[in-house]
Amino acid sequence: MPAPGETVLLLASFLAYSQRELQLPWIILVGTLAATVGDNVGYALGSYGGRPLLERYRNLFHVSDVAIARGERLFQRYGQ
């Protein structure tokens, strides 16, 4: 489930300190693993899905033609 990672980690570390229900080493491990998996999933979606995936779901995510054109100009200018 997508969630703001920093906020969840702050809440978990607060609970680890105040309630003694969570252990900080586990919070660090799970946070690191979740960030790594999330990054790899995002990369895979962009790498393997690419433009066809964006075109297919652009209405769902409200991506305009202007935004796509701007993104393409940025990739042409700065590379991948």
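The values are calculated or read from the model by the stated rules, or taken from the named source; none is laboratory data. On a predicted model such as this, the values are computed, not experimentally measured, just so you know. Reconstructed Cβ throughout: ideal geometry from the backbone, glycine too, with neighbour counts over all protein chains shown. Protein only, heavy atoms only, side chains kept; ligands, DNA and RNA dropped before computing areas. Shrake-Rupley method; radii C 1.70, N 1.55, O 1.52, S 1.80 Å.
Here are the numbers for this structure:
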| quantity | calculated |
| --- | --- |
| Scope region 48-80; condition closer than 28 Å to residue 7 by Cβ and loosely packed, with under 10 Cβ neighbours inside 10 Å; matching residues | 60, 61, 62 |
| Residue 17 among the aromatic types (Phe, Trp, Tyr), modelled with pLDDT of 85 or more, out of contact with any strand residue (DSSP E or B) (no Cβ under 7 Å at 6 or more places or on another chain) and assigned to a helix (DSSP H, G or I) | no |
| Pairs where the first residue, in region 22-35, is hydroxyl-bearing (Ser, Thr, Tyr) and the second is open to solvent by 80 Å² or more (accessible area, probe 1.4 Å) and outside any helix (DSSP H, G or I), C-beta under 7 Å, 6+ apart | none |
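Rundown of residues vs (1) out of contact with any Pro (no Cβ under 8 Å at 6 or more places or on another chain); (2) surrounded by 10 or more Cβ atoms within 10 Å (Cβ to Cβ); (3) of a type in the set (S, T, N, Q), yes/no style:
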position: 6; (1), (2), (3): yes, no, no
position: 9; (1), (2), (3): yes, yes, no
position: 14; (1), (2), (3): yes, yes, no
position: 19; (1), (2), (3): yes, no, yes
position: 26; (1), (2), (3): yes, yes, no
position: 32; (1), (2), (3): yes, yes, yes
position: 37; (1), (2), (3): yes, yes, no
position: 45; (1), (2), (3): yes, yes, no
